[in-house]
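Have a look at the structure below, then the notes.
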Amino acid sequence: MNAETGADATVNARRVAVSAVFAAVAGAVLWPPGAVYWTAVAATVGEAATLALVVVAAIALGAAFGALTGVRVREFAAGTAGAYLLGMAAIAAARSPDSPVHLFLYGAVAACLVVGVAAARVRAGAPRRSDD
């Protein structure tokens, strides 16, 4: 076995694990189970505007994480998928929800986080223009 391949696999696993932790924390902060503080915001600005705010916040968090860590989109998506699966299993076991709406909400938050990381990667790869 090539030593470089083994090292790359370790780095990838570490990045996937760090991504999973970040995605779990970001999901819990953006949409905390059982204590959704967005209801007060929705009462003021409306449900559509509130959901748009959550989408923008999730994309911004993903972009910041991607820019700061340089994580690859595939690694981040794998970690986010793992965090999503574990989180949904934990919610199902701990809260016994009446509807599957949490699956869609957290799925959307996870997707927005991945979009943010992808945007950061695109921006990092884009050639910089001079200020002439």
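Assorted remarks:
- You will find that of Ala110, Ala78, Ala58, Ala124, the residue that is farther than 18 Å from Trp31 by Cβ, touching a residue at least 12 places away in the same chain (Cβ under 8 Å) and under 15 Å from the mean Cα position of the chain (by Cα) is Ala78 and no other.
- When residues of the range 80-132 are limited to those that are of a type in the set (Ser, Thr, Tyr) and at pLDDT 85 or above, the one farthest from Thr69 (Cα to Cα): Tyr106
The values are calculated or read from the model by the stated rules, or taken from the named source; none is laboratory data. The shown structure was predicted, so the numbers you read here are calculated from the model rather than taken from an experiment. Glycine gets a Cβ as well: all are built from the backbone with ideal geometry, and neighbour counts include every protein chain shown.
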